[in-house]
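Shown next, in structure tokens, is the structure this report addresses.
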Amino acid sequence: MDQPFDYDAELRRYHERLRAAAKVGSDDHVLDIGCGTGLTTRDAAKRAVSAVGVDISADMVATARRLAEQEGLGNVSFELADVQDHAFPADRFSLGISRFGTMFFTDAEAAFTNIARALRPGSRLVQLVWQDSKYQEWYAVFRGEQRTEPATGGAFSLADPATSQRILTAAGFIDIQVTDVREQVYYGKDAETAYEAARGLRMTQDLVADLDPTEAEQARQRLLDDLATHQTPDGVWFDSRAWIITAHRRRD
């Protein structure tokens with residue numbers, strides 16, 4: 001069985017960008033949207049009164065809970081839920097954060113409206129989202145010509161700042177600011193390790209879908225060759241670009 005892809009390792013440099021932008025305070029109650037295995041939630045909890053991470057992946061939530069317990073964090077919790085319609089307590093949180101967890105909503109306006117209800121009036125929402133796929137070296141390598149991203153609910157659904165502005169405004173947010181951030185993402189210590197790490201990802205599986213064994217091996221070798229071109233003494237890295245989008249819940 002393939003090991004789960006380590007998003008925390010991949011996004012380690014963006015994690016620091018989100019931390020700097022979020023500025024979690026000692027009196028904050030934090031909502032982490034699309035928390036994955038909970039690194040961002042646990043990090044926030046170490047600075048805040050409390051932190052709640054929410055994700056739709058049962059495996060990731062289970063891992064997040066286990067890691068929080070291992071770290072002895074008593075002020076953090078994790079919920080298996082869909083943010084689009086989860087019944088959050090109204091006005092519960094003073095800060096919302098997300099590290100690439102808000103692009104996958106099938107109904108983004110409903111999801112952000114629900115997030116706004118969960119935040120206190122005037123509270124901040126700070127999120128990282130991918131810019132357009134043409135700026136992502138990792139996407140060019142893994143995508144090939146095999147797939148197109150959906151207009152909604154895909155990794156680049158919030159790549160257009162005007163789209164994000166429209167959705168957030170309709171959901172009840174104001175003071176929307178979009179900041180360009182550029183960091184490299186990490187895939188492994190060498191090309192073979194990077195390939196093994198990414199085998200379980202859908203974009204990797206798409207490269208060999210519907211291919212016969214010979215063609216699949218050729219595709220695998222091409223991918224390994226591409227990964228090798230991105231190998232440095234510190235591992236396999238890809239250039240990428242993202243937006244940090246900050247907003248405040250409107251004071252009604």
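The values are calculated or read from the model by the stated rules, or taken from the named source; none is laboratory data. Just so you know, these numbers come straight off a predicted model, no measurement behind them. Ideal geometry is used to build each Cβ from the backbone, glycine not excepted, and the neighbour counts take in all protein chains shown.
Filtered by the rule that a residue be more than 10 Å from Val236 (Cβ to Cβ) and either among the charged types (D, E, K, R) or touching a Lys or Arg at 6+ places or on another chain (Cβ under 8 Å) (or both), segment 185-204 gives Glu196, Arg199, Arg202, Met203. Cβ-Cβ distances below 7 Å connect the following pairs, each with a first residue in segment 229-252 that is within 19 Å of Val129 (Cα to Cα) and in contact (Cβ under 8 Å) with a residue 12 or more places away in the chain, a second residue that is among the basic types (Lys, Arg) and not in a strand (DSSP E or B), and a separation of six or more residues or different chains: Ile244/Arg17. Of all residues in segment 60-97, those that are loosely packed, with under 13 Cβ neighbours inside 10 Å and over 21 Å from Arg12 (Cα atoms) total 7.
Kindly indicate the residue of segment 168-189 that is over 21 Å from the mean Cα position of the chain (by Cα) and surrounded by fewer than 17 Cβ atoms within 10 Å (Cβ to Cβ) and also modelled with the lowest pLDDT among those meeting that condition.
We begin by selecting, within segment 168-189, every residue over 21 Å from the mean Cα position of the chain (by Cα); these are 169-170, 172, 174-175, 189.
From the residues that got through so far, the ones that are surrounded by fewer than 17 Cβ atoms within 10 Å (Cβ to Cβ) too are 169-170, 174-175, 189.
Numbers: Thr169: 98, Ala170: 98, Ile174: 98, Asp175: 98, Lys189: 94.
Top of the filtered list is Lys189.
Residue-wise test of (1) among the polar types (S, T, N, Q); (2) at pLDDT below 95.
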| position | (1), (2) |
| --- | --- |
| Ala191 | no, yes |
| Ala198 | no, yes |
| Thr214 | yes, yes |
| Trp243 | no, no |
| Arg251 | no, yes |
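Among the residues of segment 216-252, those identified as surrounded by 14 or more Cβ atoms within 10 Å (Cβ to Cβ) and of a type in the set (Lys, Arg) are Arg220, Arg241, Arg249, Arg250. Out of everything in segment 206-252 that is outside any strand (DSSP E or B) and in contact with a Pro (Cβ under 9 Å, 6 or more places away or on another chain), what residue ends up being nearest to Ile33 (Cα to Cα)? Going through the qualifying residues, I end up with Arg250.
If the requirement is being over 14 Å from the mean Cα position of the chain (by Cα) and hydrophobic (A, V, I, L, M, F, W, C), which of these qualifies: Leu128, Leu39, Leu73? Give the derivation first.
On the way: Leu128 fails: over 14 Å from the mean Cα position of the chain (by Cα); Leu39 fails: over 14 Å from the mean Cα position of the chain (by Cα).
Every option except Leu73 fails the conditions.
Looking only at strands (runs of 3 or more DSSP E) that fall completely inside segment 45-130, which ones have 3 or more residues that are among the polar types (S, T, N, Q) and free of Cβ contacts under 8 Å to residues at least 60 places away in the same chain? Give the steps one after another, and end with the answer.
Working: elements: 50-55, 76-80, 93-99, 119-130.
In segment 45-130, there are no strands (runs of 3 or more DSSP E) which contain 3 or more residues that are among the polar types (S, T, N, Q) and free of Cβ contacts under 8 Å to residues at least 60 places away in the same chain.
Within segment 105-115, the set of residues being surrounded by fewer than 21 Cβ atoms within 10 Å (Cβ to Cβ) and among the aliphatic types (A, V, I, L, M) comprises Ala110 only.
Is at least one residue of segment 155-167 aromatic (Phe, Trp, Tyr), within 20 Å of Arg17 (Cβ to Cβ) and modelled with pLDDT of 95 or more? Within segment 155-167 (the criterion being aromatic (Phe, Trp, Tyr), within 20 Å of Arg17 (Cβ to Cβ) and modelled with pLDDT of 95 or more), the answer is no, since none of the residues qualifies.
Out of curiosity, is Val141 under 30 Å from Val236 (Cα atoms) and modelled with pLDDT of 95 or more?
no
Taking the criterion of being over 13 Å from the mean Cα position of the chain (by Cα), more than 18 Å from Phe88 (Cβ to Cβ), among the hydrophobic types (A, V, I, L, M, F, W, C) and in a loop (DSSP other than H, G, I, E, B), would at least one residue in segment 20-36 satisfy it? Yes, the conditions are met somewhere in segment 20-36. Taking the residues in segment 7-44 that are among the acidic types (Asp, Glu) and touching a strand residue (DSSP E or B) at 6+ places or on another chain (Cβ under 9 Å) as candidates, determine which candidate is surrounded by the most Cβ atoms within 10 Å (Cβ to Cβ). Once the filter is applied, the top-ranked residue is Asp32.
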